[in-house]
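Q: Below is the structure I would like to discuss, written out as C-alpha cells.
The values are calculated or read from the model by the stated rules, or taken from the named source; none is laboratory data. Keep in mind that what you see is a predicted model, and the values were worked out from it rather than measured. Neighbour counts are summed over all protein chains in view; Cβ atoms, including those assigned to glycine, are modelled from backbone coordinates with ideal geometry.
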Amino acid sequence: MMTDSVSPSDDDDSTAHPSQTSKVRRLLEKYDLPEMGETLEVAWTRSDDPASLRDLAHRFNQQLLELAMKVTGRRPLDGEIENTYRLLTTDDVSPGDATEARRRLERAGVDIDQLTTDFVSRQAIHTYLTTVRGVTHQSTDNTPLENANTFLYHLKQRTATIIESRLAQLRDADHLSIGSPRVLVDVQVLCDDCGQQYSLRELFSVDSCACEANGDH
C-alpha cells in the first residue's frame, strides 16, 4: 500500500497563511508546471468519479519524478515512472529493492534526497486546492445558480492569485518595480438586448435581466 511521502513538518507552514506557504504552489513554480494546478482541481471536483486527494498526491509526485528523470536526459519507459515511484514510497517493498531504485536514480544524476523532500502528502494537495485555488466539492443540495456563483467566485479569486504571482515574479526578477501587488478582479455582465449591466452577484440575486420585465424574453 502506498503511503504519504512526507511528514506534516515537510508540508505547509501552519504558522503562516496557507495560500502564501502552500508547498504545492511553491513546487508548481519551481518545476514550471502552470497547468498542473488546474488538472488537480478538475480531477478533484468533477461530478463523475472524482479523484481522491491521495491519488492526486501520488499523481503529483509522479510528475515530479518524471521531470527529475527527464532533466538528466533519461526517457522513462512505459510504466517506469509508476514502478519507480512505488519502490520509493511503498511500505511493502523490500529494503533492497527500494535502495536499488534510489541508487539507479542517483547514478543517473537525480538528486533523490531533494526529490523525495519535494514529494507532497494528500493534506498538502487539500491545502492547495481549498486555500489557493479556493475550490471544494460541490454539494448536490445547492441550486444551479448557487453552484455557478460559487464556481465563478473561486474562478475570479484564482485569476487574481495567478496575476499576483506573475507580477511578483516580474518584480523579483527586476523587470517590474512594485511593492506588494494586490489584484482585484471585477466581472460585469452586460445584456446587449436591454442594455442593463450587472455584477455577477447582482445578476444571480435577481435571476433575470430587464428583458423579462420588458416582456422581451
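Q: So which of Thr39, Thr84, Thr90, Thr99 is hydroxyl-bearing (Ser, Thr, Tyr) and loosely packed, with under 13 Cβ neighbours inside 10 Å?
A: Only one candidate passes the filter, namely Thr99.
Q: Okay, moving on. Looking at the stretch 169-197, which of its residues are farther than 30 Å from Ser208 by Cα and either surrounded by 11 or more Cβ atoms within 10 Å (Cβ to Cβ) or not small (Gly, Ala, Ser) (or both)?
A: Across the stretch 169-197, the qualifying residues are Gln169, Leu170, Arg171, Asp172, Asp174, His175, Leu176, Ile178, Pro181, Arg182.
Q: Against the condition surrounded by 13 or more Cβ atoms within 10 Å (Cβ to Cβ) and outside the structural domain of Leu67 (by TED's automatic domain parsing), how does Thr130 come out, does it pass?
A: No: the conditions fail for Thr130.
Q: Answer yes or no: is there a residue in the stretch 145-168 that is without any contact (Cβ under 8 Å) to a residue 12 or more places away in the chain and surrounded by fewer than 13 Cβ atoms within 10 Å (Cβ to Cβ).
A: no
Q: So which of Asp48, Asp97, Asp12, Asp78 is at pLDDT below 85 and either more than 30 Å from Arg133 (Cα to Cα) or touching a helix residue (DSSP H, G or I) at 6+ places or on another chain (Cβ under 8 Å) (or both)?
A: Result: Asp12 is the single residue among Asp48, Asp97, Asp12, Asp78 that is at pLDDT below 85 and either more than 30 Å from Arg133 (Cα to Cα) or touching a helix residue (DSSP H, G or I) at 6+ places or on another chain (Cβ under 8 Å) (or both).
Q: For the stretch 69-116, name all the residues that are touching a residue at least 24 places away in the same chain (Cβ under 8 Å) and of a type in the set (Ser, Thr, Tyr).
A: If the condition is that a residue be touching a residue at least 24 places away in the same chain (Cβ under 8 Å) and of a type in the set (Ser, Thr, Tyr), then Thr72, Tyr85, Thr89, Thr90, Thr116 are the ones that fit.
Q: Also, quick follow-up: Of the residues that make up the stretch 105-120, is at least one modelled with pLDDT of 90 or more, of a type in the set (A, V, I, L, M, F, W, C), loosely packed, with under 15 Cβ neighbours inside 10 Å and assigned by TED's automatic domain parsing to the domain that holds Asn61?
A: yes
Q: Scan the stretch 32-44 and give yes if some residue there is hydroxyl-bearing (Ser, Thr, Tyr) and either touching a strand residue (DSSP E or B) at 6+ places or on another chain (Cβ under 8 Å) or farther than 16 Å from Ile162 by Cα (or both), otherwise no.
A: Scanning the stretch 32-44 turns up no residue that is hydroxyl-bearing (Ser, Thr, Tyr) and either touching a strand residue (DSSP E or B) at 6+ places or on another chain (Cβ under 8 Å) or farther than 16 Å from Ile162 by Cα (or both).
Q: Could you please find all residues in the stretch 130-173 being at pLDDT 80 or above, part of a helix (DSSP H, G or I), of a type in the set (D, E, K, R) and within 17 Å of the chain's Cα centre (by Cα)?
A: Listed by number, the residues that qualify are Glu164, Arg166.
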